[in-house]
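Undergrad: Sending over a structure as structure tokens; questions will come in a sec.
What follows draws every value from the coordinates through simple rules; no lab data is involved. Note that the structure is a prediction, hence the values are computed from the model and not measured. With ideal geometry, Cβ positions are generated from the backbone for all residues, glycine too; neighbour counts draw on all protein chains shown.
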Amino acid sequence: MSSRFFQWLRISFFNLLLVAVLGFVLRYKIVYSLPFIDQKHLLHAHSHFAFTGWITQALMALMIATLSKQKQVDLFPKYRWLLYANLITAYGMLFSFPIQGYGFFSISFSTLSIFTSWIFAVVCWKEINSLPAKTLSGQWFKAALFFNALSALGAFSLAFMMANKIIHQNWYLLAIYFFLHFQYNGWFFFGCMGLFVAKLSSLFPDDKKIKTAFWLFAGSCFPAYFLSALWLTLPVWLYVVVIISAIAQLAGWIRIINIIIKNEKKPGASLPAPAKWLLLFSSFALTVKLFLQLASTIPYLSTLAFGYRPIVIAYLHLILLGVITLFLLGYLMGENVLPRNKKVMKGTIIFTAAIIFNEFLLMIQGVTAISYIMVPYINELLLLAASLLFTGILLLNLGIKKQT
């Protein structure tokens, strides 16, 4: 991969470091006093920058690198201004949200980031169409671009309600969940799967199973949105559709796992041991996530899932850290992009362990909250987990800098 890609990779990992810093400060403020920081405003900065500055920036760079490889042309000069535009909007939100929360500047940068993603979607879609031959990865990439564009409807709906002072809790939550769903179940997931399929394309050149898996995920993505709305009273027919969508996604994942197991010994399937472990952890996290989705269709469990904040936070971190971030790390190691020096390896181990530790603590906090039980020093332990996440990413950044 080109030197330009390495530059954007380093920027993306530095952005992840800043996400970890914000996460640490948020946890620190829960335990100790930081009166000059607005917790809610900083939380908005943390989430927006994680989505735009880390995952979106990394996925855009990786998709460009993959298409460059498929076309045997360095496409980074063509996409340079879109990458810069996304980066500028990400930093605009990083600095404006802590100061004003949802205000003129933060909403402006957020809107510009959406316009940037739309332009990227159009240009990248045309790029995929111009490939010499249709690819399986192209299907996943196109779905990712479509769902990323679609997620903006949630953000614009939220902005419309705030601008017109329409205070309706249900509509407010539905708009937020719409954006979140089509980001992490659409843009993030399908983007990662496109990278994965491109990496292992030699294992299933025209495999009907992977195509079937794609359509199971793509076809169920929209109805699966209502998994985030089960706290409403849904019509029976829609409730049945939601259950079917959860089953369809699980079935699609089982098909993909079967393909991997059957082809793991084929030439080209071999990966470095660290990459295999990271992808294994990511796969396990995705499996847990899909089973939790299906379990949430049970009314009692659905009430618990949406009624307790620690459970919601644990679920979001399971996806963003456990599924997406670990996949990106594993993919980059599998592509031999990330160096395997001591700092990178130590950082990866600490970061992965911290994710597991963090999820374990959030799970305990969520389960005990149901019974109104306060776990001693749980917030201090979560602060420790945040510090370990920061330490791991810091070492990764130092290792990448040393290598490149």
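Undergrad: Testing the spin-label approximation: label points 7 Å from Cα along Cα→Cβ at ILE261 and VAL73. State their distance in nm.
TA: Calculated label separation equals 4.3 nm.
Undergrad: On full extension of the chain, what length is gained from TRP118 through SER270, given 0.36 nm per residue of separation minus the C-alpha to C-alpha distance?
TA: On the way: separation 152, 0.36 × 152 = 54.72 nm, distance 3.61 nm.
Result for the pair: 51.1 nm of gain on full extension.
Undergrad: If you don't mind, another one. Taking 7 Å along the Cα-to-C-beta vector as the label spot, tell me the VAL288-ILE166 distance in nanometres, rounded to one decimal.
TA: Between VAL288 and ILE166, the label points sit 3.8 nm apart.
Undergrad: Now a separate question. At most 15 other Cβ atoms within 10 Å and a DSSP loop assignment: could you name the trypsin sites (Lys or Arg not before Pro) in the range 125-199 that fit? All intermediate terms of the calculation are to be shown ahead of the outcome.
TA: Working: sites: LYS126, LYS134, LYS142, LYS165, LYS199; in loops: LYS134, LYS165.
For trypsin sites (Lys or Arg not before Pro) across the range 125-199 that sit outside H, G, I, E and B with at most 15 neighbouring Cβ atoms in 10 Å, the list reads LYS134, LYS165.
Undergrad: Ok, one more. With Cα Rg over 2.2 N^0.38 Å as the read-out, I listed [x] 1.00; [y] 0.95; [z] 1.07; which label goes with the value calculated from this structure?
TA: Checking each listed value against the structure points to [y].
Undergrad: Where in the range 375-404 does the label zone of VAL337 land, with the point 7 angstrom along Cα→C-beta and an amide N cut-off under 19 Å?
TA: Answer for the range 375-404: 393-404.
Undergrad: If you take every residue apart from THR348 with its C-beta less than 12 Å away from the C-beta of THR348, what net charge results, scoring Lys and Arg +1 and Asp and Glu -1? All intermediate terms of the calculation are to be shown ahead of the outcome.
TA: Details: positive: ARG340, LYS342, LYS343, LYS346; negative: none.
Taking every Cβ under 12 Å from that of THR348, the sum is +4.
Undergrad: Determine the gain in length on full extension of the stretch ILE370-THR212; use 0.36 nm per residue of separation and subtract their C-alpha separation, reporting nm with one decimal.
TA: Details: separation 158, 0.36 × 158 = 56.88 nm, distance 3.93 nm.
The ILE370-THR212 span can extend by a further 52.9 nm.
Undergrad: Could you grab the relative contact order for the chain? Cα pairs under 8 Å, six or more apart, rounded to a whole percent.
TA: On the way: 469 pairs, mean separation 66.5, N = 404.
RCO, the chain: 16 percent.
Undergrad: Could you list SER68, SER47, SER113 in order of exposure, starting from the residue whose Cβ has the fewest other Cβ atoms within 10 Å?
TA: In order of increasing Cβ crowding within 10 Å: SER47, SER68, SER113.
Undergrad: If you don't mind, there's one more thing I want to ask. Longest span of the chain, sites excluded, free of chymotrypsin sites (Phe, Trp or Tyr not before Pro) in DSSP loop with at most 13 other C-beta atoms within 10 Å? Mind showing how you got there, number by number?
TA: Working: sites that count: TYR32, PHE36, TYR372, TYR377.
The longest uninterrupted stretch comes out as 37-371.
Undergrad: Compare LEU388, LEU361, LEU232 in a GNM of the chain, Cα atoms joined below 10 Å, and give the one with the largest fluctuation.
TA: Of LEU388, LEU361, LEU232, the most mobile in the Gaussian network model is LEU232.
Undergrad: Further, regarding this structure: Rounded to the nearest 500 deg cm²/dmol, what is the calculated helix-only ellipticity per residue at 222 nm for the chain, with -39500 (n - 2.57) per DSSP H run of length n ≥ 4? List each step's numbers first, then the result.
TA: Details: 16 runs with 308 residues, N = 404.
Value at 222 nm, helices only: -26000 deg cm²/dmol.
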